[in-house]
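Worksheet: one structure, shown below.
The values are calculated or read from the model by the stated rules, or taken from the named source; none is laboratory data. The structure presented is a predicted model; accordingly, all values stated were derived computationally and were not measured. Don't worry about glycine lacking a Cβ; one is built from the backbone with ideal geometry, like all the others, and counts go over all protein chains shown. Side chains are part of the model used for accessible areas, which takes the heavy atoms of the whole protein and leaves out ligands, DNA and RNA. Shrake-Rupley method; radii C 1.70, N 1.55, O 1.52, S 1.80 Å.
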Amino acid sequence: MESLWQSRGGSLCLRDVDPLPPLVLLEGEDQPSRSRCSGSHVARGSPLCLPTVPSDPTNTSQSVSAGPQTSPGGPLLASKDMVLTAAQALLRDAMAPPQQDRPLISAGGSDLAPRPLPPSAVGLAAGGPDPMLTDCIEPVRRTILNARAPSTRLQYENRWKLFSEWCTVQKEDPVHCSVPTILKFLQSLLEGGRSPSTLRVYVAAISSQHDRVDNNTVGSNRLVSLFLKGALRLRPPSTPRAPAWDLPLVLDALCLPPFEPLVQAELRWLSAKTSFLLAITSAKRVGELHALSVNNSCLRWNSDGSGVTLWPNTAFLPKVLSRSHHNQPIRLAQFQPPKGEGEERARLLCPVRALRAYIEATACIRQSEQLFICYGGPKKGCALSKQRLSHWIVEVIAHAYRVNDRSPPSAVRCHSTRSVSTSWATLRGVPLEDICAAASWTSLSTFSRYYRVNVATPHPLGVVLQPSSSASSL
């Protein structure tokens, strides 16, 4: 403490040592005094402010390989007949993946499932979207403001904050500004690279706080509606038509070490293989996979052991997926290909076999009813987070490319398993109605517009267009 002095600005520093962050002690607390300390008390008069430490440290033992890491979004195919048919599609060649420019796996995030947080309070701007709301008592206003989901309210709050800050710079009132001012803000977002769908969220957020214009909300204004339509025409959404990664390559890797033999595989690789096979054979989102449970009411094996039915636990299911058409079971049957070539390969890729082995291997460490749990570290046996579950699936893809001395495709997302699996199922003749039911799509156009990719092999008549060796010599 010899070199500890009180600076003129109120902070503390050490001579010849890197400066310390500002530290102040509570007024009235006993200050330690020693013969070798500075004579004056240390920074009195301000409250103590120290940063908090996150309560859920990242489980470093579960981090996948040391390379770049990504965040994707989940999937899997369900119906019994559909899985048997689609399984054959997984054994065929797919198109080569295109090169992209983002890292394969995003770093950061916790391995643990997030703890449920109470919904944050949503303030109402003066004037508000409905003047009658100001006449209601506080409990009534709070109940009305909770009509939106917590995630929606949080998004609206963030967008409204950005709009308010922009209005402050422009010297405008965010609650009572004119429609041209709002359009000017939206145009700045469009020019900054925001997509039309993102602009719609901003409009909804502004409408929830802005005063009514001509007795209508901002979102109902004709000029705002025309602006959004124009932005959509200028920047239509782009849908990839080629698969982002090679499915047959990944399936080949799953039949080799470190994934096989299954009884000798490390829990890390058994966990990754099980999650990938469930994702690729059910077409479910990562949120639906994350909600799967080993509870007897959610996991039911067939009496003869030939299959299993998995129901999502509604307590773990995100509210956005809690609607009835999302809360559907996954029915898986053991692969039973004809005897002969490919029989052993189909056995190694059977999701029912992998699921049974995973549940047995995790029984001794399990501390949660959620299906997927942490396999190591201080939180061993605790429920896994959705982000880490996505990392498991993407790591399987990255590992398959590395062991084949190929560069992993960049920007692979867990959500891509939905498009790859459903596209292969379509190629093998699975009815579109069954595919949409398995993937929880209410419309056939959803698959054709946003998920279908070209996984077909080269056209069999394409050889006609290639010159023969004899013809080329003439």
Qualifying trypsin sites (Lys or Arg not before Pro) for the range 364-438 [loop in DSSP, other Cβ within 10 Å: at most 13]: ARG406
A chain fully extended from MET132 to ASN158 at 0.36 nm per residue, minus the present Cα-Cα distance, gains in nm 6.9 nm
With every protein chain kept in place and a 1.4 Å probe, the residues TYR450, TYR375, TYR358 fall, from largest accessible area down, as TYR450, TYR375, TYR358
Tell me the accessible surface of ILE144 in square angstrom (1.4 angstrom probe, heavy atoms of protein chains only), to the nearest ten. 80
GLU266: net charge of surrounding residues, Cβ under 14 Å, Lys/Arg +1, Asp/Glu -1, itself excluded? +1
Tally Lys/Arg at +1 and Asp/Glu at -1 over every other residue whose Cβ is under 12 Å from the Cβ of ARG159; what's the total? +2
Between GLU260 and ASN296, what FRET efficiency follows from the Cβ-Cβ distance if R0 is 30 Å, with the result rounded to 0.05? 0.50
Residues whose built amide H sits under 5 Å from the amide H of PHE335, excluding neighbours closer than 5 in sequence, are VAL352
Potential lengthening between TRP166 and CYS364 on full extension [0.36 nm per residue; Cα-Cα distance subtracted]: 65.8 nm
Using the Karplus curve 6.51 cos²θ - 1.76 cosθ + 1.60 with θ = phi - 60°, work out ³J(HN,Hα) for each residue of the range 284-295 in order, rounded to whole Hz, and write x for Gly and Pro. 8, 6, 5, x, 6, 5, 5, 7, 5, 9, 8, 4
Computed accessible area, ASP214, all protein chains, 1.4 angstrom probe, square angstrom: 130
Summed residue charge, Cβ within 13 Å of HIS415's Cβ, Lys/Arg positive, Asp/Glu negative: +4
Take the Cβ-Cβ distance between ARG402 and ARG233 as r, set R0 to 41 Å, and report the resulting FRET efficiency rounded to the nearest 0.05. 0.45
Whose amide H sits under 5 Å from the amide H of LEU371, counting only residues 5 or more places off or on another chain, with H placed in the peptide plane? LEU292, SER293, VAL294
If I take R0 = 56 Å and measure r between the Cβ atoms of ARG353 and LYS184 in this structure, what FRET efficiency does the formula 1/(1 + (r/R0)^6) give, to the nearest 0.05? 0.40
Treating the beta-carbon of each Lys and Arg as +1 and of each Asp and Glu as -1, no other charges, what is the dipole magnitude of the range 277-396 about its Cα centre, to the nearest 20 debye? 360
